[in-house]
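Take a look at the structure set out below.
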Amino acid sequence: MRSVAIILSIIGSIIFYGSASAQNFNEILGRPTNSSITISILFYQKADVCWEYGTVPGAYSFVTNTVAVAKDATLEVDFTALLPNTRYYYRTRYRPGGTSGSFSAGPEHTFYTQRSTGSTFTFTLESDEHLYDKKGIHSLYQVCLDNQAKDQPDFMMSLGDIFGDDHKPGEMTA
């Protein structure tokens, strides 16, 4: 398999596609350098997958080789030969494994390759979301997410309490 190019200027980014009930796969970007990044993908069905990417939104100049992935198996693909300090746009293309049908397209996402030394970058932090109990205020959390999206951060970190367990045995929260 030929490696292809995509990079991220952040330590990692988790990207989820679809709703929980209709989700086909989870994809995580990680291990960025100034010329490469690794995409780790988990499909919930046997699939054939490839990625389209480029430096212009919606115009994908490059495409990776198609790779087969087993159901409930993680596939890691290294994209290499990327330009440093460059915004890339990409999307995942997939179809049921072993078929000759057309490929479905995931949504377009973007990232920067590693910034040049001395360049500025943006990061955001959040903590104590408590979305699982009565302390969490979903409307306020949405304001937080909207503000983070406006910042277009290179890196986002949650410091905890986004997921939790029930505080009272025998009682389940939504």
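Scanning region 93-139 for residues that are out of contact with any Phe, Trp or Tyr (no Cβ under 9 Å at 6 or more places or on another chain), modelled with pLDDT of 85 or more and over 19 Å from residue 155 (Cβ atoms) gives 96, 98, 99, 100, 101, 102, 139.
Scanning region 97-137 for residues that are over 30 Å from residue 84 (Cα atoms) and either in contact with a Leu (Cβ under 8 Å, 6 or more places away or on another chain) or in contact (Cβ under 8 Å) with a residue 60 or more places away in the chain (or both) gives 127, 128.
Pick out, from region 24-88, the strands (runs of 3 or more DSSP E) lying fully within it that include 3 or more residues that are closer than 24 Å to residue 114 by Cβ.
Working: elements: 25-30, 36-43, 47-54, 67-69, 74-80.
Of the strands (runs of 3 or more DSSP E) lying wholly inside region 24-88, those with at least 3 residues that are closer than 24 Å to residue 114 by Cβ span 25-30, 36-43, 47-54, 74-80.
Here residue 171 clears all of (1) modelled with pLDDT of 75 or more; (2) open to solvent by 50 Å² or more (accessible area, probe 1.4 Å) except the condition numbered (1).
When the residues of region 142-156 are narrowed to those that are outside any loop (DSSP other than H, G, I, E, B) and at pLDDT below 85, which ends up surrounded by the most Cβ atoms within 10 Å (Cβ to Cβ)?
Filtering region 142-156 down to residues outside any loop (DSSP other than H, G, I, E, B) leaves 142-151, 155-156.
Then drop every residue that is not at pLDDT below 85, which leaves 155-156.
Details: 155: 15, 156: 19.
Filtering first and then ranking leaves 156.
Scanning region 116-135 for residues that are of a type in the set (S, T, N, Q) and assigned to a loop (DSSP other than H, G, I, E, B), we see that the one that is most open to solvent (accessible area, probe 1.4 Å) is 117.
For region 102-115, filtering for residues that are in contact with a strand residue (DSSP E or B) (Cβ under 6 Å, 6 or more places away or on another chain) and in a loop (DSSP other than H, G, I, E, B) leaves 3.
The values are calculated or read from the model by the stated rules, or taken from the named source; none is laboratory data. Predicted, not measured: the structure shown is a model, and the values here were computed from it. Cβ sites come from the backbone with ideal geometry, for glycine too, and all protein chains shown count toward neighbours. These area figures cover heavy atoms from the full protein model, side chains too; ligands, DNA and RNA do not enter into them. Shrake-Rupley method; radii C 1.70, N 1.55, O 1.52, S 1.80 Å.
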